[in-house]
Amino acid sequence: MNCMHTISRAVLGFFLITMLACSSDGDKTRTAVSEPIYTLIFLDKTRSVNVNNAFVAQKYQQALTDIIEQNIRQKGDQLAVYFIHENTAKARVLNLTTRTEMEDVSAASPTDREAAETEFGLMLTREKAQIRQRVQQQLVKQNTGSSNRETDIWASLPVIAKANESGATVKVYYLSDMIESVKGANRRDFQVKPPKDNAQADEWAKADAEQLKRYPIGSPEITMILPFEPNASVKQNNPTVTQYWQTLFTELGAGTVEEQ
């Protein structure tokens with residue numbers, strides 16, 4: 001009899017632990033879904049990127065559409081657009097926060113819940129379209145000023161660090177050739193001198209990361225969307241340059257670094 005009680009207690013304990021674990025996983029899932037996303041888009045406005053080129057225009061327009069579709073999901077999601085040029089850190093051109101809110105339907109009937117979800121979907125689709133239009137307008141803007149002569153991508157790091165302070169999930173997108181080109185001591189000018197191979201790219205990135213760690217960027221998801229056609233030459237799409245950024249962002253703590 002005692003043996004049976006022991007077995008019963010063991011079985012009951014197992015089920016309780018299992019139920020608690022499942023409940024915990026469910027809570028985590030709900031938290032992840034409701035956590036806001038902070039989207040940062042950096043548009044290259046220097047001479048080396050031509051958004052009037054048909055391939056570049058199509059690729060970047062589609063990329064922006066996909067970014068907005070994936071990241072604008074609920075009230076509180078943020079999206080900011082910066083231009084990349086000589087003064088990137090001061091080049092914010094858009095700063096938007098999603099306003100569409102799903103009403104509380106926890107006590108609603110299935111019919112009312114479905115109606116509320118449908119209304120939310122329609123309103124969110126409308127807001128996404130407005131955001132997409134405003135971002136696309138910034139994509140096609142031309143920069144004919146003197147700021148188009150230098151490409152300061154390092155200057156995006158304090159912007160990412162500031163977004164990290166929000167506590168949201170930060171996703172960063174560079175629509176750029178990633179050719180850092182800044183004159184002066186302790187800076188990189190890949191137009192004049194790109195890394196000669198991947199080993200040198202890693203070496204430079206790790207050295208630069210030491211001084212750039214003063215910007216706590218957190219662990220953002222970073223995507224580099226390059227303006228190059230699949231048949232671009234090494235002179236145009238130099239793999240050692242993207243290797244440099246892969247290593248630099250990883251050294252600084254980025255969660256993921258992708259190239260498209």
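The values are calculated or read from the model by the stated rules, or taken from the named source; none is laboratory data. Only a predicted model underlies this, so the values are computations on that prediction, with no experimental measurement involved. Heads up, the Cβs are rebuilt from the backbone with ideal geometry, glycines too, and the neighbour counts pull from every protein chain shown. Heavy atoms of the whole protein, side chains included, go into the accessibility calculation; ligands, DNA and RNA do not. Shrake-Rupley method; radii C 1.70, N 1.55, O 1.52, S 1.80 Å.
Please count how many residues of the range 206-260 are of a type in the set (A, V, I, L, M) and in a helix (DSSP H, G or I). Outline the logic, then answer.
In the first step, residues of the range 206-260 are kept if they are of a type in the set (A, V, I, L, M); the result is 207, 209, 212, 217, 222, 224-226, 232, 234, 241, 248, 252, 254, 257.
Filter once more, keeping what is in a helix (DSSP H, G or I): 207, 209, 212, 241, 248.
Within the range 206-260, residues that are of a type in the set (A, V, I, L, M) and in a helix (DSSP H, G or I) number 5.
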Of all strands (runs of 3 or more DSSP E) completely enclosed by the range 19-101, which ones contain at least 1 residues that are at pLDDT 95 or above and surrounded by fewer than 12 Cβ atoms within 10 Å (Cβ to Cβ)? 92-97
Kindly check whether there is at least one residue in the range 141-148 that is open to solvent by 80 Å² or more (accessible area, probe 1.4 Å), without any contact (Cβ under 8 Å) to a residue 60 or more places away in the chain and either at positive phi or under 19 Å from the mean Cα position of the chain (by Cα) (or both). no
Of the numbered conditions (1) more than 30 Å from K213 (Cβ to Cβ); (2) surrounded by 13 or more Cβ atoms within 10 Å (Cβ to Cβ); (3) in contact (Cβ under 8 Å) with a residue 60 or more places away in the chain, D152 satisfies every one except a single condition; which is it? (1)
Restricting the search to the range 155-205, which residues are open to solvent by less than 20 Å² (accessible area, probe 1.4 Å), in a helix (DSSP H, G or I) and not β-branched (V, I, T)? S156, L157, A161, A163, A201, A205
